[in-house]
Amino acid sequence: MRANSLALRLFLWATAWTVVILLATSIVLSSLYRQAVERAFDSRLGVYLRTLISDVASPENPNEPFPQSVSEPLFELPLSGWYWQVTRVDGDKQDVRASRSLWDGGLPRLPVANAVAAVGIRTGYANGPEEQKLRVVERTIDLGDEGSFLVAVAGDAAEIEEDIRGFDRALGLTFGGLALILLLTTAFQVRFGLAPLKRISQSLAAIRAGTAERLEGHFPVEIAPLAREANALLDANREIVERARTHVGNLAHALKTPLSVMVNEAAARGDDPLAQKVREQTDIMRDQVARHLERARLAARLTVVGSVTDVLPVMQAIARTMEKAHPGKGLLLKFDAPEDVRFRGEQQDLEEMVGNLVDNGCKWAQSRVVIDVSMERLDAAQHVIRIVVDDDGRGLTPAEREQVARRGRRLDETKPGSGLGLSIVVELAGLYGGGLTLGAAPLGGLRAELVLPAA
């Protein structure tokens, strides 16, 4: 899941940067192309402007109206978008000559602040007749005694915009295809690059489920150290658990001998008050030692990663054991356990928990003990095993149920046992994240309901 999340973040990050880079590049290219188109258009207008200035400064035939050298038919068509205009700007004398295409209109003057492309030449956009957007090139010339003239040539800016729109469409299609290719390439690279992490995640899930013990397979050079360290950690964990088990066993054996000596010495003194006190405290010490050693043993076992146990074989073995352990009662022991139910834990712990419950039921039952095993789904990611043990004995009151779950508490001293069975089941189930509930069975006796994690 985390690998997928990382892949998604990497893909989104790459997508965002791809879009930003392509968008910025397209804006820059579009701007550069606009400048190139405007320069080409200005060069075309500049040719007409120089022709007009030449005709104004030195006409070939002074008796004929100028311009005499401009042969563009668009200057003759009314409102064609192509215009020229020569305006006398000195003194009070107003003299305007214009192309026929202007009809009764005129060209506006460009602001003085417009960028100067060459000495004395101004270029820019302006609105002409019928609100046409024009690209205008103008220049003021001084002919001495003949006066000063403003010569202007304008062309339809729609040609520029159409050319730029065509380029932007082609640029958009090209960059869109390029973006799609880049995104597909990025998605492939991210998926392929993170595939080893996904394999490690699946391998770890298999180890946790108990179907594997180590990370197996070949990994890329960048991932191989992670796999080696994970395997080393698993090996170290197993070694620590085994060492803890050995120490617990050694401690148990080391304490049993001194306690036995103390009990024997106290028993030899008969009813001596000191001997009685020693026996009393020795029993407490034994109980405490057994309790804490059992806790240590269970906690050490639970640190093992990937332990999974099939429930059905354990139930069959317990049933056979109980039939041999209680041969004289003629008990009917019935159990129902699906084949595919698996316990997420060690077989020894499952045997101890279920064995204690079934043994307790067999001790108190009159004739029947029924065991039902089922699996339930708490949510999409969590399953539990529910093991219900019912007997047809006398049952227990709510106060008695609470009492028997405590360590060492027994309601009937005539029954064999130390009174530790149910308390061990409670502690073991709690360490696995489960629990034990005691209630009334439909058969009339006690119901013990054990909930454990499923694999």
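The values are calculated or read from the model by the stated rules, or taken from the named source; none is laboratory data. For clarity, every value in this text was computed on a predicted model and none was experimentally measured. For neighbour counting, all protein chains shown are included, and Cβ atoms are generated from backbone atoms with ideal geometry for every residue, glycine included.
For residues that are among the polar types (S, T, N, Q) and touching an Asp or Glu at 6+ places or on another chain (Cβ under 7 Å), scanning just the range 360-401, find the one that is nearest to Gly330 (Cα to Cα).
Ser367
Kindly indicate whether any position in the range 178-194 is at negative phi, of a type in the set (D, E, K, R) and crowded, with 16+ Cβ neighbours inside 10 Å.
The answer is no, given that none of the residues of the range 178-194 is at negative phi, of a type in the set (D, E, K, R) and crowded, with 16+ Cβ neighbours inside 10 Å.
Let me spell it out: the conditions are (1) at pLDDT 85 or above; (2) surrounded by 11 or more Cβ atoms within 10 Å (Cβ to Cβ); (3) of a type in the set (Asp, Glu), and Glu131 meets all of them except one. Which number is the exception?
It fails just one condition, (2).
So Tyr125 fits all but one of (1) at pLDDT 85 or above; (2) under 17 Å from Arg88 (Cα atoms); (3) of a type outside the set (A, V, I, L, M, F, W, C); what number is the exception?
Every condition holds for Tyr125 apart from (2).
Yes or no, residue by residue, for (1) touching a residue at least 60 places away in the same chain (Cβ under 8 Å); (2) over 18 Å from Leu436 (Cα atoms); (3) exposed (fewer than 14 other Cβ atoms within 10 Å of the Cβ); (4) assigned by TED's automatic domain parsing to the domain that holds Gly430:
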residue: Gln316; (1), (2), (3), (4): no, yes, yes, yes
residue: His326; (1), (2), (3), (4): no, yes, no, yes
residue: Asp340; (1), (2), (3), (4): no, yes, yes, yes
residue: Gly345; (1), (2), (3), (4): yes, no, no, yes
residue: Asp359; (1), (2), (3), (4): yes, no, no, yes
residue: Arg368; (1), (2), (3), (4): yes, yes, no, yes
residue: Gly393; (1), (2), (3), (4): no, yes, no, yes
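Looking only at residues that are among the acidic types (Asp, Glu) and farther than 23 Å from Asp42 by Cβ in the range 143-156, which one is surrounded by the fewest Cβ atoms within 10 Å (Cβ to Cβ)?
Asp145
Pairs please, first residue from the range 155-169 and touching a residue at least 12 places away in the same chain (Cβ under 8 Å) and in the same structural domain as Leu79 (by TED's automatic domain parsing), second anywhere and charged (D, E, K, R) and surrounded by 17 or more Cβ atoms within 10 Å (Cβ to Cβ), Cβ atoms under 6 Å, 6+ apart in sequence or on different chains.
Short answer, once both residue conditions are applied: Gly155/Arg135; Ala157/Arg135.
Could you tell me which residue of the range 234-286 is surrounded by the most Cβ atoms within 10 Å (Cβ to Cβ), considering only residues that are closer than 28 Å to Ser307 by Cβ and of a type in the set (S, T, N, Q)?
Residue satisfying both the conditions and the ranking: Asn237.
Do any residues in the range 177-199 that are outside the structural domain of Ile21 (by TED's automatic domain parsing) have Cβ atoms under 6 Å from those of residues that are outside any helix (DSSP H, G or I), where the two are at least six apart or on different chains, and which pairs are they?
As it stands, the answer is Pro196/Phe219; Pro196/Pro220; Pro196/Ile223, since those pairs meet every condition given.
Answer yes or no as to whether Glu76 is loosely packed, with under 15 Cβ neighbours inside 10 Å and at pLDDT below 85.
no
If I filter the range 213-226 for residues that are in a helix (DSSP H, G or I), over 30 Å from Ile284 (Cα atoms) and of a type in the set (Gly, Ala, Ser), do I get at least one hit? Walk me through it before giving the result.
First pass over the range 213-226, keeping only residues in a helix (DSSP H, G or I): 224-226.
When the remaining residues are screened for being over 30 Å from Ile284 (Cα atoms), the result is 224-226.
Imposing the further condition that a residue be of a type in the set (Gly, Ala, Ser) reduces the set to 224.
Looking for residues that are in a helix (DSSP H, G or I), over 30 Å from Ile284 (Cα atoms) and of a type in the set (Gly, Ala, Ser), one finds at least one in the range 213-226, hence yes.
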